[in-house]
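Chemist: One structure, as structure tokens, below. Some questions next.
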Amino acid sequence: TRMNNDHVLSSDDKYISVSDESDSTGKSRISRINIETGEVMAITPLVPSYLHGWSPDDRFISYCAERNGEYDVYEMEIGKPDSEVRLTTAPGLNDGPEYDSCDEYIYFNSVRTGLMQAWRMKRDGSEQTQLTFDSNLNTWFPHISPDRTKIVMVSYYKGDLWPGDHVPNKNVEIRYMNADGTGLKTLMKIFGGQGTINVNSWSPDSKKFAFVSYERM
């Protein structure tokens, strides 16, 4: 119960990992659910933790977590609650981490340069590289396609919110770029924001992706 919009399927389609706020703390925790039986296994003992990625071998999760007042990117091996590793240390919010299909890079977003921008780093946290350099947009959740060639992401307009916020009920853009940061373009302008495309939703053939557009009634 009290699920949020973070939900990622395992590569074998047997499990779904989720973030929810149903325990006594009321803060987000990550769990794994067996799709066939409904059995739930808690993964992260510390809160708050917000799921974003599952490694290609289904052994690790990547997530954003607040520890000691800082929000950073973390990784943990499923079933080993003492294995949490911090991958980013830059001041400000670092969020939205997800693995590519070859387990070489983690794509994420960071506010470290002022506005929110798309970044990527090696799986071990090294070579943190900025991919977008917008002066009028705050870009969140770069989702890498299974063939590792394309990225889609959601962008808020500067001035509509603080760079570290991702709220609902805003005019936003869904944008596309090549995996190396080239070919940046806007695919559509919609009403949405938080919940529009928080986690990776590419089709297995890398030809389509799913998103949510909604209107406030």
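Chemist: Scan Ser213, Ser155, Ser135, Ser206 and give me the residue that is small (Gly, Ala, Ser) and assigned to a strand (DSSP E or B).
Modeler: On the way: Ser213 fails: assigned to a strand (DSSP E or B); Ser135 fails: assigned to a strand (DSSP E or B); Ser206 fails: assigned to a strand (DSSP E or B).
Ser155 is the lone residue from the list that is small (Gly, Ala, Ser) and assigned to a strand (DSSP E or B).
Chemist: Name every residue in segment 38-59 that is more than 12 Å from Pro81 (Cβ to Cβ) and surrounded by fewer than 22 Cβ atoms within 10 Å (Cβ to Cβ), in order of residue number. Break it down stepwise before answering.
Modeler: Taking segment 38-59 first, the residues more than 12 Å from Pro81 (Cβ to Cβ) are 38-40, 47-48, 50-59.
Hits for segment 38-59 are Gly38, Glu39, Val40, Val47, Pro48, Ser55, Pro56, Asp57, Asp58, Arg59.
Chemist: Within segment 66-87, can you find the residues that are crowded, with 20+ Cβ neighbours inside 10 Å and in a strand (DSSP E or B)? Before you say what the answer is, go through the steps one by one.
Modeler: Filtering segment 66-87 down to residues crowded, with 20+ Cβ neighbours inside 10 Å leaves 72-76, 78, 87.
Of everything in segment 66-87, those that are crowded, with 20+ Cβ neighbours inside 10 Å and in a strand (DSSP E or B) turn out to be Asp72, Val73, Tyr74, Glu75, Met76.
Chemist: Give segment 99-110 a look and list any residue that's farther than 21 Å from Trp162 by Cβ and either without any contact (Cβ under 8 Å) to a residue 12 or more places away in the chain or crowded, with 23+ Cβ neighbours inside 10 Å (or both), or say none. Break it down stepwise before answering.
Modeler: Filtering segment 99-110 for residues farther than 21 Å from Trp162 by Cβ gives 99-107.
Correct list: Tyr99, Ile106, Tyr107.
Chemist: Provide a single number: the residues in segment 115-142 that are within 18 Å of Ile190 (Cα to Cα) and within 16 Å of the chain's Cα centre (by Cα). Can you show your working first?
Modeler: Keep residues of segment 115-142 that are within 18 Å of Ile190 (Cα to Cα), which gives 136-142.
Filter once more, so that each one left must be within 16 Å of the chain's Cα centre (by Cα): 138-142.
Matching residues across segment 115-142 total 5.
Chemist: Among the residues of segment 137-176, count how many are crowded, with 18+ Cβ neighbours inside 10 Å, without any contact (Cβ under 8 Å) to a residue 40 or more places away in the chain and on the phi > 0 side of the Ramachandran plot.
Modeler: Residues that pass the stated criteria total 0.
Chemist: Related question: Looking at segment 164-217, which of its residues are of a type in the set (Ser, Thr, Tyr) and out of contact with any Pro (no Cβ under 9 Å at 6 or more places or on another chain)?
Modeler: We begin by selecting, within segment 164-217, every residue of a type in the set (Ser, Thr, Tyr); these are 176, 182, 186, 196, 201, 203, 206, 213-214.
Tyr176, Thr182, Thr186, Ser201, Ser213 - these are the residues of segment 164-217 that are of a type in the set (Ser, Thr, Tyr) and out of contact with any Pro (no Cβ under 9 Å at 6 or more places or on another chain).
Chemist: Another question about this same structure. Of everything in segment 14-37, what is open to solvent by 40 Å² or more (accessible area, probe 1.4 Å) and either part of a loop (DSSP other than H, G, I, E, B) or closer than 20 Å to Gly92 by Cα (or both)? Give them in sequence order.
Modeler: Listed by number, the residues that qualify are Lys14, Glu21, Ser22, Asp23, Ser24, Thr25, Lys27, Ile35, Glu36, Thr37.
Chemist: Kindly indicate which of Arg112, Arg59, Arg120, Arg86 is modelled with pLDDT of 95 or more and touching a Leu at 6+ places or on another chain (Cβ under 8 Å). Walk me through it before giving the result.
Modeler: Values: Arg112 fails: touching a Leu at 6+ places or on another chain (Cβ under 8 Å); Arg59 fails: touching a Leu at 6+ places or on another chain (Cβ under 8 Å); Arg86 fails: touching a Leu at 6+ places or on another chain (Cβ under 8 Å).
Selected residue: Arg120, the only one of Arg112, Arg59, Arg120, Arg86 that is modelled with pLDDT of 95 or more and touching a Leu at 6+ places or on another chain (Cβ under 8 Å).
The values are calculated or read from the model by the stated rules, or taken from the named source; none is laboratory data. Given the structure is predicted, the values throughout are model-derived calculations rather than measurements. Ideal geometry is used to build each Cβ from the backbone, glycine not excepted, and the neighbour counts take in all protein chains shown. For accessibility, only protein heavy atoms count, side chains too; no ligands or nucleic acids. Shrake-Rupley method; radii C 1.70, N 1.55, O 1.52, S 1.80 Å.
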